[in-house]
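What follows is calculated from the coordinates using simple rules that are stated; it is not laboratory data. Computed from a prediction, not measured in an experiment: that's the story for all the values here. In this analysis, Cβ positions are derived from the backbone assuming ideal geometry, glycine residues included, and neighbour counts consider all displayed protein chains.
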Amino acid sequence: MTFAQRLLDWYTNNARNLPWRFNPSAYKTWVSEIMLQQTQVETVIPYFKRWMEEFPDIHALAFADEQVVLSAWEGLGYYRRAHNLHRAAQQVVQELGGELPRTRNALKRLPGVGDYTAGAIASIAFGEDVPAVDGNVRRVLARYFDVSLPARSTQGERLFWKLAQEHLPAGKAGDYNQALMELGALICTPKNPHCKLCPINQTCQAFLLGLQDQRPVVLPKKKVPHLTVTAAVIQRDERVLLSQRPPGGLLAGLWEFPGGTLEKGDAGLPACLQREIREELGVEINVGQPFGRYQHAYTHFKITLHAFLCRLAPGVEPRGMEGQALVWAKAATLPDYPMGKVDRLIARRLIGEDEHETLSG
């Protein structure tokens, strides 16, 4: 029995009952694959269900307001994915009559769709005989074929795609790709893989050589920078000031409590916050009591954010010096503004929903 057939037989009996596999459609496959980029299945499931209730088809998504889309995405992180889904839906509706492209090469022309996502959608939704190599697939192939090349190297990546293509069974690419992903998620896990339960263990080269814990080969990670950040909770007449982040870049289009990064020349956290508000909003503030210390990790850096209760001088009106939108929001309306995780935690504390002062992860 071939490598692929063993995988397919195992998948037939062990595939998880995931919501995007129930009454499947190209739209569901596309949305789920974008959500699953860098995010665990268990985290995605409730978001996917709510998304389908709010945007049941590509037309509903295309015509939705961006702020509504961002609110539906809030908490999943990597917000560029939400922007790309929205932009791609608009592109498909405007240029392609609302029908997703059916081939890998055509799908790659959509915002946010790379080699893996295009291969997954094309094979699962449209039956195109193309591979899809993600982290799970890479790990299975690295162990089964005992690949000693660094997994993320150019040579290693090229070899994984070649191996995935060579063993792809014609007419069954969708199930084959999902079987590889499923095996990596459930059996061939990053740590402590369940090799004795694996359907391909009798011919897995790394397992036979006792090298499964050394595959795939991973290069040492670079040190992640750490930044100290401040945020101003500026209150006036039972309202609090929010600033909208610019389009493009980190947390694009989301709302935040204004502030910025501590610099070497700052005399301390209050001085940093006063400088940032002066630069961002063109006003002076009085920095009051601390309102919490929050820790969070982004893709390429980590932050410790210090929030402070602040006041403006009487008669002073802030303005977005870089053109960003500002709003004085009542505490009860804060849930209506899509925010990143740290700002949401500050907002929840303001309205009494969350008394915790730290956030990690």
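Within the chain, DSSP assigns beta bridges of which about 65% are antiparallel (rounded to the nearest 5).
Here the gap between residue 106 and residue 15, fully extended at 0.36 nm per residue and compared with their Cα-Cα distance, gives a gain of 29.9 nm.
Between 216, 19, 225, the residue with the greatest mean-square fluctuation in the GNM of the chain (Cα pairs under 10 Å linked by springs) is 225.
Across the chain, C-alpha contacts under 8 Å between residues 6 or more apart give a mean separation that, scaled by the residue count, equals a relative contact order of 15 percent. Label 7 Å along Cα→Cβ of residue 54; segment 74-98 residues with amide nitrogen under 13 Å? 74-77, 82-83, 86, by backbone N distance to the label point.
Spatially, segment 9-81 and segment 239-317 are offset by 33 Å when compared through their Cα centroids. If a spin label sat at a point 7 angstrom from the Cα of residue 23 along the line to its beta carbon, the backbone N atoms of segment 120-147 nearer than 19 Å would be those of 125. Under 1.5 on a/c is rounded, so check that first for segment 226-350, then, if it is not, pick prolate when a/b is larger than b/c and oblate when it is not; a ≥ b ≥ c are the square roots of the alpha carbon gyration tensor eigenvalues. Rounded, since a/c falls under 1.5. When the Gaussian network model of the chain links Cα atoms closer than 10 Å, the mean-square fluctuations of 183, 209, 110 top out at 209.
In a DSSP loop and with at most 16 other Cβ atoms within 10 Å, the trypsin sites (Lys or Arg not before Pro) in segment 260-319 are 264, 319. Shown is the FRET efficiency for residue 197 and residue 166, computed with R0 = 30 Å from the Cβ-Cβ distance and rounded to the nearest 0.05: 0.70. Hey, what angle do you get for helix 41-54 against the long axis of the chain, alpha-carbon based, 0 to 90 degrees rounded to 10? On a 0 to 90 degree scale, this one is about 70.
Of the labelled options (1) 0.97; (2) 1.04; (3) 1.14, which one gives Rg/Rh (Cα atoms, Kirkwood Rh) as computed for this structure? Entry (2).
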